[in-house]
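Have a look at the structure below, then the notes.
Any read-out appearing in this document is the output of simple, stated calculations on the displayed coordinates, not a laboratory observation. Just so you know, these numbers come straight off a predicted model, no measurement behind them. Cβ: placed from backbone, ideal geometry, glycine included. Neighbour counts: every protein chain shown.
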Amino acid sequence: DSYSGTDDVIKVTDRLLDAVVGERQIDPQKILFGVPDSWLVDENLKEEHLKLLRKLVKELEITPMAYVSQTRALAHFLEGQEGVPTTAVLIGLEVSHLTVTVVRAGKLDGAKVTARSDDLGTDIEKLLLTFTGVEVLPSKILIYGLEGSDLEKVKTQLLSFAWMSNLSFLHFPKIEALLLNAQTIGVCFAGASEIKE
């Protein structure tokens with residue numbers, strides 16, 4: 001569903017919740033928010049997004065458990081899938097921007113967001129160059145947020161990029177695609193672990 005303002009977000013969220021939990025006849029009382037990294041500054045929600053979430057929980061009469069960045073949730077999910085802490089560069093692609101996250105041994109070195117251009121490899125390279133505390137970049141790049149022919153086009157574009165020219169990879173990175181809904185699954189796993197604690 002699409003939305004154009006705060007009131008639309010509330011209506012769309014309410015409709016989506018009804019569609020998802022209505023079939024199972026569940027009345028959710030608590031919610032864990034999976035938020036894009038672009039909503040955060042130093043791990044804290046930007047004020048305008050915090051206001052939106054506060055209004056959302058008030059209107060929908062639910063209690064917020066917490067919020068988790070989509071990339072942190074994704075790293076947690078990947079660790080659960082692989083059985084070992086993740087070491088990779090995560091590339092989240094959306095229509096107008098991209099998120100680059102460096103994860104080493106399950107720890108996030110940070111997530112950087114920028115507007116997308118037609119030169120995706122250069123966009124990613126510019127962001128990776130800002131990770132000055134990372135001596136050697138992980139030699140695995142995981143792409144998420146795309147599907148089908150778009151994904152193949154991006155993979156081809158990234159496989160032909162000169163990764164070794166300016167970046168500190170030990171060897172040419174392996175480029176893989178994650179499931180379209182991997183970040184959503186990651187948020188669900190993060191929520192499950194939050195409930196256990």
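Of note:
- Here the label points at VAL95 and ALA66, each 7 Å from Cα along the C-beta direction, are separated by 3.2 nm in the simple model.
- Selection of GluC sites (Glu not before Pro), the stretch 44-75, meeting DSSP coil and at most 12 other Cβ within 10 Å: GLU61
- Counting Cα-Cα pairs of the stretch 33-115 in 10 Å increments starting at 0 gives whole-percent bin shares of 17, 43, 30, 10, 0.
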